[in-house]
Each structure stands twice: as C-alpha cells, then as structure tokens.
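Here is the structure we will look at, set down as structure tokens.
The values are calculated or read from the model by the stated rules, or taken from the named source; none is laboratory data. It should be emphasised that the depicted structure is a prediction, and the values quoted were computed from it without experimental measurement. Backbone-built Cβ (ideal geometry, glycine too); neighbour counts: all protein chains shown. Note: accessible area is taken over every heavy atom of the protein model, side chains too, but ligands, DNA and RNA are not part of it. Shrake-Rupley method; radii C 1.70, N 1.55, O 1.52, S 1.80 Å.
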Amino acid sequence: KTATVEIYDPLSRRLRLGPPLPRPADQVVALTVDDRLYAIGGADDESSAPDVISIAANETQWSHRAPAPGPLSQASGCVLNGKIYIAAGPSAKCPGLFVYDPQLDRWDQIVHPASQPPSAPMCTAFADKVWVMGGRGKTGGQTTTYIYSPASGKWQEGPEIPLPVSWAAAADANGRLLIAGGAYEDDRVGTFFNTDRVFLLRNER
C-alpha cells in the first residue's frame with residue numbers, strides 16, 4: 001500500500017510526484033470528470049474504505065466528497081455523460097453497480113442482474129453504455145458481460161470474453177472495446193498469474 005501519486009507527462013516522457021493520498025491504499029479506482037481527478041475506495045492494511053477524494057491540476061491538496069455506499073476494493077469504474085459508474089463484487093462489501101454524480105455529490109445504486117455480482121470485474125463506457133465484464137464469482141473466473149444502458153435503465157448480456165480474467169484494464173480505444181492485462185487462476189496449480197493478454201471486441205460490420 002502506498003500514498004504516492006505520480007504524474008506522467010507523455011510529451012516529456014517524465015514522471016513527477018503529485019500531492020500524496022490522505023492514506024496509503026491499493027486497488028483505488030481513479031477517474032476524471034471535467035478536469036477533476038477522483039480517487040474512490042481502496043484498501044489499506046486494515047480494511048477497504050468508501051472514501052472519495054478529488055483534486056484538480058492546479059490544486060495541492062485532495063478534498064473529500066460524499067463517500068461511496070460501502071467499502072470498495074477489487075472494483076473498477078468508468079465515466080459516462082459526466083457521471084462515475086463503479087462495479088464491485090462481494091469482496092468489496094458493497095456489491096453491485098453504483099453511480100456517482102459529481103455535480104450533486106451524490107451516490108445512487110443500480111440493481112445488478114446477477115444475484116451475486118462478480119468481484120474484480122472490468123468496467124468501461126462503450127457505445128453510450130456501461131460494460132461490466134469478467135471478474136470472479138463463486139465458481140472462479142467469469143466470462144460473462146453485462147451491459148447497462150443509462151438511457152433505458154435496462155441491462156442486457158453482451159458477448160462473453162474469450163477467457164476468464166480479473167483485475168484487467170478495459171477501455172474504448174478509438175471506437176473498439178479493448179481489455180488488457182489482468183490476472184487469471186490456473187486450477188492445475190491453484191494460484192494466480194498476471195497476464196499480458198489483450199482482447200479486442202470483433203467488429204462485425
């Protein structure tokens with residue numbers, strides 16, 4: 001766990017230190033909305049927390065915002081239409097999909113279609129919807145994709161990911177949905193392995 005914040009400049013290809021987090025933590029979900037950076041949840045040596053802190057590029061200290069509905073770790077998130085969506089499972093003690101409105105500084109819960117949402121899923125905004133993919137459930141790694149439409153308030157199942165993976169990065173890469181990295185469990189040896197695999201959603205058009 002660390003409170004260190006590093007800022008990378010792609011133009012100079014250099015790192016510099018930023019204002020440290022108020023407490024050391026890992027598994028923090030970090031997202032930007034309207035030029036503000038939000039750091040959500042995370043775990044220290046004691047437990048995970050619901051903390052939400054925010055900072056702008058010209059500020060030197062983090063400010064606290066309305067906490068999440070419960071402690072969050074092994075979670076992921078995305079930004080869609082100015083709102084933050086956080087997907088988490090039972091290991092976070094706050095399972096489901098939650099939406100944070102920075103303008104109102106308020107959290108709301110979205111009922112998840114799974115009776116037990118997966119832990120450590122991938123989450124990204126794609127095609128004006130929130131995609132929650134993979135993660136871990138009762139029976140190990142998951143390949144299911146859940147797609148939530150804020151416009152209709154409804155869920156649908158999407159294409160399964162090729163192999164179970166958790167803790168990976170997901171993003172809209174120039175109009176293509178991409179999953180990179182993460183970890184998977186090999187039942188033959190009973191342990192986790194980090195992976196450099198990349199999945200790209202096939203464009204059928």
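Annotations
- Taken as a whole, the structure leaves ASN58 outside the set of residues that are in contact with a Pro (Cβ under 9 Å, 6 or more places away or on another chain) and polar (S, T, N, Q).
- Subset tally (residues that are over 17 Å from ALA120 (Cβ atoms) and free of Cβ contacts under 8 Å to residues at least 40 places away in the same chain) for segment 30-45: 3
- Scope segment 164-196; condition open to solvent by 70 Å² or more (accessible area, probe 1.4 Å) and out of contact with any strand residue (DSSP E or B) (no Cβ under 7 Å at 6 or more places or on another chain); matching residues: ASN174, ASP187, ARG188, VAL189, ASP196
- Enumerated strands (runs of 3 or more DSSP E) restricted to segment 131-205, each holding at least 3 residues that are hydrophobic (A, V, I, L, M, F, W, C): 169-173, 176-180, 198-200
- Check on ALA125, of a type in the set (A, V, I, L, M), surrounded by 19 or more Cβ atoms within 10 Å (Cβ to Cβ) and at negative phi: yes
- In segment 12-29 there is at least one residue matching the filter, namely being in contact (Cβ under 8 Å) with a residue 12 or more places away in the chain, over 30 Å from ASP128 (Cβ atoms) and in contact with a Gly (Cβ under 7 Å, 6 or more places away or on another chain).
- Residue in segment 98-108 that is among the hydroxyl-bearing types (Ser, Thr, Tyr) and in contact with a Phe, Trp or Tyr (Cβ under 7 Å, 6 or more places away or on another chain) present: yes
- Applying the condition of being open to solvent by 40 Å² or more (accessible area, probe 1.4 Å), of a type outside the set (Val, Ile, Thr) and assigned to a strand (DSSP E or B) to segment 64-104 and asking which residue is farthest from PRO20 (Cα to Cα) yields LYS83.
- Among residues of segment 7-50, those that are of a type in the set (D, E, K, R), closer than 15 Å to TRP62 by Cβ and part of a strand (DSSP E or B), counted: 1
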